[in-house]
Amino acid sequence: MPEISGKKVLVTAGPTYEPIDPVRFIGNHSSGKMGIAIAEELSREGAKVTLVCGPTTLTSSASIKRIDVRSAQDMFDAVMKLSDDQDMFILSAAVADYRPKTVAEEKIKKKDAAMTIELEPTPDILANLGKRKTSEQLLVGFALETENELDNAKQKLEKKNCDMIILNSLNHAGAGFGHDTNQVTIIDRHHNMNTFELKSKTEVAKDVVTAIKRYQ
Ligand code: CTP
């Protein structure tokens, strides 16, 4: 069973911002609260935590090594640089799946006609870690689903080679983006499943850390 104290754990949190031009970006409503709560809980348990965090105004304790990033590519680069040296990864960031194919150097001027922005996929951090992780490294992903929640989460776990996936419910008032509460189901690679009540993100973080400690 994984021990937490003394382990090196990398946590991703928050949104990513994908630039369109010098003043605009594509982003999402993630606040980073869930990931930061997990980083704090791991640190309290004695882990050596690195937090790779997208744009957020939230602060984290001095005991946590924090790397602030903006885009999915920045987050990918920061995580990959540190990946060989980690015991565990918890990827809670709401990484943009697409980015503008080209970034305009000057602010795009308004015209009368409709406009289209061509998008290309961003690198998938979780999938890349799933491909390269060793059998000693524990990989925990998040899944945000709006339909066929459990099936999709299980598929994501297999596809991205995770040890555990945390399904965030969006079908629950008070859960998810921007809220202080969350409602999760934790599924491991043996398909053991644990559904939790709606609770504060601090309490959810404790459940996540307990699930990691019990994982075998
Ligand atoms: N993730 C990542 N890098 C990306 C996209 C997602 O590391 N470029 C991670 C998230 O941090 C999360 C997990 O992948 O842990 C699931 O993200 P989600 O957006 O729900 O899944 P997708 O693979 O994007 O699948 P879909 O959009 O089809 O649901």
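Quick look at the values:
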{"quantity": "Matching residues in segment 94-133 - criterion: being of a type in the set (Ser, Thr, Tyr) and under 17 Å from the mean Cα position of the chain (by Cα)", "calculated": "TYR98, THR122"}
{"quantity": "Meets criteria (surrounded by 10 or more Cβ atoms within 10 Å (Cβ to Cβ) and more than 16 Å from the ligand (Cβ to nearest atom)) for THR102", "calculated": "yes"}
{"quantity": "Count of residues meeting criterion [more than 9 Å from the ligand (Cβ to nearest atom) and assigned to a helix (DSSP H, G or I)] in segment 142-156", "calculated": "5"}
{"quantity": "From LEU129, LEU139, residue being at pLDDT 95 or above, in a helix (DSSP H, G or I) and closer than 18 Å to GLN86 by Cβ", "calculated": "LEU129"}
{"quantity": "Qualifying residue in segment 164-171 (condition: surrounded by fewer than 17 Cβ atoms within 10 Å (Cβ to Cβ) and in contact with a Leu (Cβ under 8 Å, 6 or more places away or on another chain))", "calculated": "yes"}
{"quantity": "Single unsatisfied condition, LEU119 versus (1) surrounded by 16 or more Cβ atoms within 10 Å (Cβ to Cβ); (2) at pLDDT 95 or above", "calculated": "(1)"}
{"quantity": "Residue list for segment 1-28, restricted to those being acidic (Asp, Glu) and surrounded by fewer than 17 Cβ atoms within 10 Å (Cβ to Cβ)", "calculated": "GLU3, ASP21"}
{"quantity": "Residues of segment 83-121 that turn out to be in contact with a Lys or Arg (Cβ under 7 Å, 6 or more places away or on another chain), of a type outside the set (Asp, Glu) and over 18 Å from LEU10 (Cβ atoms), as a count", "calculated": "1"}
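The values are calculated or read from the model by the stated rules, or taken from the named source; none is laboratory data. If you're wondering where the values come from, they're calculated on a predicted model, not measured in any experiment. We place every Cβ from the backbone using ideal geometry, glycine too, and count neighbours over all the protein chains shown.
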